[in-house]
Amino acid sequence: MPPLKLASDETFGERLSRLRKERGLTQVELAEQVGIIQSIMTDYERGKLRLNAEMICRFARVLAVSTDELLGMKRAMPAAAVVSHDKLPLRLIRRIQKIERLPTVKQKALLQTIDGFLRGEGVAG
């Protein structure tokens, strides 16, 4: 079988590190979001550990890329294109990510509160 032609010469660890940084995440933050500890995150980025299918899927989901992009089969979109072309502030992006991890019931309650506030119902006159 001929060798795979990858989208870049980056190692998996280099790609993981680049994607994490493009999304404004620290190793600790990304590790927490995928359910591991920071030292294991470091080992993945340094190429000391190999990923299993579940971890590939977890990283792809949190980093908002396809597994093909994460594995280097095709070039990943820049973080700005993934989030929006309006270039949202990093603080807002992090808050949105935290909201996405909440249970659905809590997400709905929070979004209803935000919507009410934006309609002026939560603003004291």
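Odds and ends about this structure:
- Taking first residues from the range 48-75 that are under 22 Å from ARG94 (Cβ atoms) and outside the structural domain of GLY35 (by TED's automatic domain parsing) and partners that are modelled with pLDDT of 90 or more and not in a helix (DSSP H, G or I), no Cβ contact under 8 Å between residues at least 6 apart in sequence or on separate chains turns up.
- All positions within the range 19-43 that are outside any helix (DSSP H, G or I) and more than 17 Å from ILE96 (Cα to Cα): GLY35, ILE36, ILE37
- Extreme residue, surrounded by the most Cβ atoms within 10 Å (Cβ to Cβ), among residues of the range 37-72 that are basic (Lys, Arg) and under 15 Å from LEU25 (Cβ atoms): ARG58
- Checking each residue in the range 49-70 for being farther than 13 Å from ARG23 by Cβ and part of a loop (DSSP other than H, G, I, E, B) picks out LEU49, ARG50, LEU51, ASN52, SER66.
- Scan of the range 71-95 for residues that are assigned to a loop (DSSP other than H, G, I, E, B), at pLDDT 60 or above and among the charged types (D, E, K, R), ordered by number: LYS74, ARG75, LYS87
The values are calculated or read from the model by the stated rules, or taken from the named source; none is laboratory data. Computed from a predicted model, the values in this text were never measured in an experiment. When we count neighbours, we look across all protein chains shown, and the Cβ atoms used for this are built from the backbone with ideal geometry, even at glycine.
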